[in-house]
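Shown next, in C-alpha cells, is the structure this report addresses.
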Amino acid sequence: MSVKSESKGSTAAPNQKPLKNIIEKIWDAHLVKQKEGHPAVFAIDLMLLHEVTSAQAFENLAERKIPVADPQRLLATIDHSIPTRPNRHEIYDEAARAQVDALRQNCKKHGIPFHDFDSGTQGIVHVIGPELGVTQPGMTIVCGDSHTSTHGAFGALAFGIGTSEVGHVLATGCLLQEKPKTMKVTFKGKFLPGVYAKDAILALIGQLGIGGATGHVIEYCGDAIKAMSMEERMTVCNMSIECGARAGLISPDETTYAYIKGRKFAPSDKDWAKAVETWQSFCGDRDASYDREVVVDLDLLAPMVTWGTNPGQALQISENIPSLRDIAPEHQATAQRALEYTQLREGAPIRGVKVDWAFIGSCTNGRIEDLRIAANILKGHRVAEHVTMYVVPGSEAVMKQAQKEGLDKVFEAAGAVFRNPGCSMCLGMNDDKVPSGKRCISSSNRNFVGRQGPGSITHLASPATVAASAIAGEISSSDKYLG
Amino acid sequence: MDKFKTISSKVIPLPMKDVDTDLIIPAQFMTSISRDGYAQNVFRRLRDKDPQFPFNLEKYKDAQVMVVDDNFGCGSSREHAVWALYGAGIRVIIGKSFADIFASNASKNGLLLLTLPAMVVDRLLADAKNEEYTVTVDLENQVVSFPDGRSLGFEYEAFRKHCLLHGLDDIDYIRSFDKEIEQFRKKQEKEWAFSTLRANHP
C-alpha cells in the first residue's frame, strides 16, 4: 500500500466556464445568497432526525414561537438510545424513554414523518435513508450525527451538524456555511480475498491521521470505488469524519441509479430519465481540480485493525503494533496513552490478541451485505467459548431480509446473539455496552476511550475480520474461513 | 446565546492531541432533552482516572480559559460537548487546531475558540502549569494579554465576531433572506419535479 499526496492548480482555460468537481457543483446549486464577507445561506434538501440531538432544537423553536419551515424535507427515527433486546418497546432508562417520547411528540406536532418501532422502516438513520430511496445524488443532506457522510455514497453532499444547526434547518431549511476545501482520494487496484471496503477506509484514515482531512470534503474515486456495491460505498463514505473530513462522497453512476430505482422515494418510471439526467449533471467536469489529491493503492492491502484509541491508529493485521520510537515525536504521548488504555505492548503483533466481545452492526457495517459476509464465515463454526458476540442489523428491513435468508439461524447456531435494530454497542448510550476492561473486536467506527462503555477496549475491523476473530477468540484474519 | 465579554481568567492546560467529544462528554450522559446538566460529567473518564485532572481541582474551579493542543473536539457531532464545557464555566479555548463540527457548535453557543501558532500554544501549555498564570481575552480588539505585559493579536472572522459580541444566533440572519429562500425553492422544485419527497409524505 502506498499513499501519495500532491496538489494541483486549476486547469481551466481562459474564456471557458471554470471546471468544477462534484462538490463545487452541489455547493453552487444550493447557494441561496452570499453577502461579501459573510458565510453563505446554504439550502438543505433533507434533514434526518434522531432522538439524541433533536429535542433541544425543537425546544428552541417552541420558545421563540418559530414554526418548522418544511416538515416534508424531514425524516425521523429512533436508533441511538433504544434497547435492542426482544422487548425493546420497554425502555427502562427513564431519560432515554423521555428522549424517544419527545421525538415522537415533536414529529406528531409538526407533521414530520416518523419511523417508529415496528413500522417496517425503523433503523439507524443512515441505514434507512438509502433504503427508502430518499438519499439521492446532488442533494444536500444533514443530520445531528457525524456519520451523515454515509449518504455521500449516492453523490449527495451530506454532513453532520450540531443541535443548534438542527434548529436552524428546522426553522429555515437553510444553514450558514463556509465553502469547504475539496480533496480527491483515489483508491487504485483490487482487493485481495478477505479485504473489504472497511479495510480501504481504515487504511486511508491510518495514513491521513484522525485530523488529516479537516476542513475538506472528500470525493472518493478510482477503479476500486467504481467496482464497489452501494453498501460498500456507504461504508467508505461513512468514516470520512474519522480523518476529520466534513463529508465524503462518490460520483453517481449506473450502480447508484440501479440501487435507487424502485425504492419508495425513487422517482416514478415516467420521470426516471429526467431524474438520471439531473443527477448525472452533478458529476465533476473532466480535469476539474481539487485543493488536495491523495492516492491509495489497494493491491497489496491486508485486512486492517486498530490498535489504539482513535481510528487513525490502525495497521494491517500482518503488522506489529508500532514502537514508540517509530512514531513521530509529537504523536508519541498520544500513542503511549493509547497503549496504556488498550493494554498492548509496543512492537508486539496485533494478530492473536485475545478478544472477549465481538460486534457486527452500526451505520458503518450493519447492512445486509455485512451480515452475509459475517454469516458466510460463521457458518459451520462456533464463536469461541470466552467470546460474547452481538449481531445487530442496521434496520428492520435488514433484519427481515436476514431472517428471510436464514442468516439469523446461522448466527444463533454459531453462538452469536441476533438482536433488534439500532446503534447498539457502537456508542455505549443504550443497554448494549462492552463491560469495563473487556476487549471488543467491532465493525463500528470509533475506538475512542470508553466509546463502547466505560473502560471498554475497542478494535475496529471489517465484519469478516470480526467474525473470524470471534471464532478464533483472538484477533484473526478471515482468509482461512473463506471457501 | 450570551454576549461574549472580555475575560480574565486562570488557564486550564490540557496538553493532549486529538481530544474527541466522547472524551469531553461520554454518550451515556447524553440521554437528556435539556441543554443543561452536563457540566458535572465533563471529561468524566479523565476525572475518574486521575484525581489531579484539572477539572477535579479546586484551584481551577472558576477558570474560564482552557489551552489545548491539536484537533480538539474531533469525532462525534454532539453539541453536548460544548454545553458541558460551557456549563463548567469555560468561555475561551486556545489551541493549535479544532475539529470542524466542534468549532461550528462552539460558535453557536458563545464559546470562543482561538487558533494560535503552535509555538505560542506550546509555550502557553508549559506556562499554564503555574497556577498564578492569568490571561485576558478581548474579542472586541482581538487581543490576548499575558501576565508579563505582552500581548498578541489574533485573527477572527468578522461575521462570527459580530454574532459572539452581540449574542446573535443564525436563525434571524437566515430569516432575513426569506424572499431569496422562497425564490430558490420555487426554482429548485421546478428543476427537481421528479422528486417524490412531497408526494410520499404521509
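The values are calculated or read from the model by the stated rules, or taken from the named source; none is laboratory data. Bear in mind that the values here come from a model prediction, so they are computed numbers and not experimental data. Glycine gets a Cβ as well: all are built from the backbone with ideal geometry, and neighbour counts include every protein chain shown. The accessibility values were calculated without ligands, DNA or RNA, using every heavy atom of the protein model including side chains. Shrake-Rupley method; radii C 1.70, N 1.55, O 1.52, S 1.80 Å.
Mind listing, in residue-number order, the residues in region A:149-180 that have at least 50 Å² less accessible area with every protein chain present than in their own chain alone (1.4 Å probe)? Going by heavy-atom accessible area, the residues of region A:149-180 that drop by at least 50 Å² are A:SER164, A:HIS168, A:THR172, A:LEU176.
Taking a straight Cα-Cα cut-off under 18 Å and skipping sequence neighbours fewer than 8 places away in the same chain, the lysines within cross-link reach of A:LYS33 are A:LYS25, A:LYS179, B:LYS179, B:LYS186, B:LYS187. Distance between the 7 Å Cα→Cβ label points at B:GLN188 and A:HIS110: 1.6 nm.
Which shape class applies to the protein assembly as shown: rounded if a/c is under 1.5, otherwise prolate when a/b exceeds b/c and oblate if not, where a ≥ b ≥ c are the square roots of the Cα gyration tensor eigenvalues? Rounded. Buried surface between chains A and B: roughly 6100 Å² of accessible area, summed over both sides, computed with a 1.4 Å probe on protein heavy atoms only. Over 31 Å between Cα atoms, which of A:LYS480/B:LYS49; A:LYS198/A:LYS400; A:LYS20/A:LYS198; A:LYS188/A:LYS354; A:LYS109/A:LYS270; A:LYS433/B:LYS17 qualify? In this structure, A:LYS480/B:LYS49; A:LYS188/A:LYS354; A:LYS109/A:LYS270 lie more than 31 Å apart at Cα.
About its Cα centre, region B:6-169 has a charge dipole of approximately 240 debye under the convention of +1 per Lys or Arg Cβ and -1 per Asp or Glu Cβ, with nothing else charged. Sites listed here are trypsin sites (Lys or Arg not before Pro) in region B:89-170 whose DSSP assignment is loop and whose Cβ has at most 14 other Cβ atoms within 10 Å: B:LYS129, B:ARG150. Among the GluC sites (Glu not before Pro) found in region A:25-70, those both in a DSSP coil and sparsely packed, with 15 or fewer other Cβ atoms within 10 Å of their Cβ, are A:GLU36. Measuring heavy-atom accessible area with a 1.4 angstrom probe and counting protein chains only, the residues of region A:257-282 that give up at least 50 Å² relative to the chain alone are A:PHE265. Pick out, from A:GLY406, B:ASN141, B:PHE29, the residue whose Cα sits farthest towards the positive end of the charge dipole of the protein assembly as shown, with +1 on the Cβ of Lys and Arg and -1 on the Cβ of Asp and Glu. It is A:GLY406.
Between rounded, prolate and oblate, where does region B:6-169 land on the alpha carbon gyration tensor, with a ≥ b ≥ c its root eigenvalues, rounded for a/c under 1.5, else prolate if a/b exceeds b/c? Mind showing how you got there, number by number?
Details: a/c = 1.64, a/b = 1.18, b/c = 1.39.
Taking the square roots of the gyration eigenvalues as a ≥ b ≥ c, region B:6-169 is oblate.
Per residue of chain A, the DSSP helices (runs of n ≥ 4 H) give a summed -39500 (n - 2.57) that works out to -9000 deg cm²/dmol at 222 nm.
Straight-line cross-link partners of B:LYS10 among the lysines, defined as a Cα under 17 Å from its Cα and at least 8 positions apart when in the same chain: B:LYS59, B:LYS61, B:LYS129.
Of the solvent-accessible surface of region A:164-221, computed with a 1.4 Å probe and all protein chains present, 53% belongs to carbon and sulfur.
Rolling a 1.4 angstrom probe over region B:64-141 with all protein chains present gives an accessible area of which 48% lies on carbon and sulfur atoms. The residues of region B:6-169 expose on average 38 square angstrom of accessible surface per residue, using a 1.4 Å probe on protein heavy atoms. Inter-part distance, region B:48-108 to region A:361-380, computed on C-alpha centroids, equals 38 Å.
Of the listed peptides A:113-123, A:344-354, A:239-249, what is their order by residue-averaged count of other C-beta atoms within 10 Å, with the highest listed first?
Top of the packing list down: A:239-249, A:113-123, A:344-354.
What whole number of Å gives the distance from the Cα centroid of region A:167-235 to the Cα centroid of region A:388-461? Cα centroid to Cα centroid, the span is 23 Å. Among B:ALA84, B:ALA27, B:ALA99, the residue with the largest mean-square fluctuation in a Gaussian network model of chain B, with springs joining Cα atoms closer than 10 Å, is B:ALA27.
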